[in-house]
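The values are calculated or read from the model by the stated rules, or taken from the named source; none is laboratory data. Given the structure is predicted, the values throughout are model-derived calculations rather than measurements. Please note: Cβ atoms are built from the backbone with ideal geometry, for glycine as well, and neighbour counts cover all protein chains shown.
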Amino acid sequence: MSEQATKRPEFRNINVFQDLPGYRLPAAAKVSILHRISGVIMFLLLPFVFWMFDTSLSSQISFASFKSAFNESLGFVPGWFVKLVALVLIWGYLHHLCAGIRHIMVDMNHDLISKEWGRSSAIAVLVVSLGLTVVLGAKLFGLY
C-alpha cells in the first residue's frame, strides 16, 4: 500500500466560523441538547414556580393578585413578560418530560434500538413537546 492511501486526514486548526456552520447535528443530538437546556431552565425558574405556587394558594386576595400579574403587570414587569416566562417554563417541562420518557424507553429496550428508531423517536419528541406547548401557550395567552 502506498503511504498516501494509509494516511488519515488530520484536523488541527478548526475554524469555528467556517467549519461549524456546515456541520449538521442529527435529530437525536438536538433532542439531547434541548433536554439539558430544559433541565437548566426548569432549575433556574424554580423561584418563579415557588412564587406562583405560594401566591396562588395563600388566600383569595393573593390569588387575585397572582391572576392580575398575568393579565396586567407585576410591579414594573409587564403581564406579557410574565406569560412569556410561564410559556418557557411550560416548554421546558413538556420537553424534559417527553425526552425523559424517550431516554427511559432507550434504557429499557437497549437491544431493540436502531438508528432509525432513534431518529423517529427524536422527531416525535420535538413534535409532541412543541405541539403541546403551542396548545397550552394559546390557552395561556387567551386565544381560546
Could you look through the range 1-30, keep only residues that are among the acidic types (Asp, Glu) and part of a helix (DSSP H, G or I), and pick out the one that is modelled with the highest pLDDT? ASP19
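Can you tell me which residue in the range 82-112 is surrounded by the most Cβ atoms within 10 Å (Cβ to Cβ), limited to those that are under 17 Å from GLY142 (Cβ atoms) and modelled with pLDDT of 90 or more?
My answer is ALA86.
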In the range 35-75, which residues are outside any helix (DSSP H, G or I) and under 27 Å from LEU143 (Cβ atoms)? LEU45, GLU72, SER73, LEU74, GLY75
Between GLY79, GLY75, which is in contact with a strand residue (DSSP E or B) (Cβ under 6 Å, 6 or more places away or on another chain), without any contact (Cβ under 8 Å) to a residue 12 or more places away in the chain and either buried (at least 17 other Cβ atoms within 10 Å of the Cβ) or not hydrophobic (A, V, I, L, M, F, W, C) (or both)? GLY79
Pick from the range 9-51 the residues that are among the polar types (S, T, N, Q) and closer than 28 Å to LYS115 by Cβ: which of them is surrounded by the most Cβ atoms within 10 Å (Cβ to Cβ)? SER38
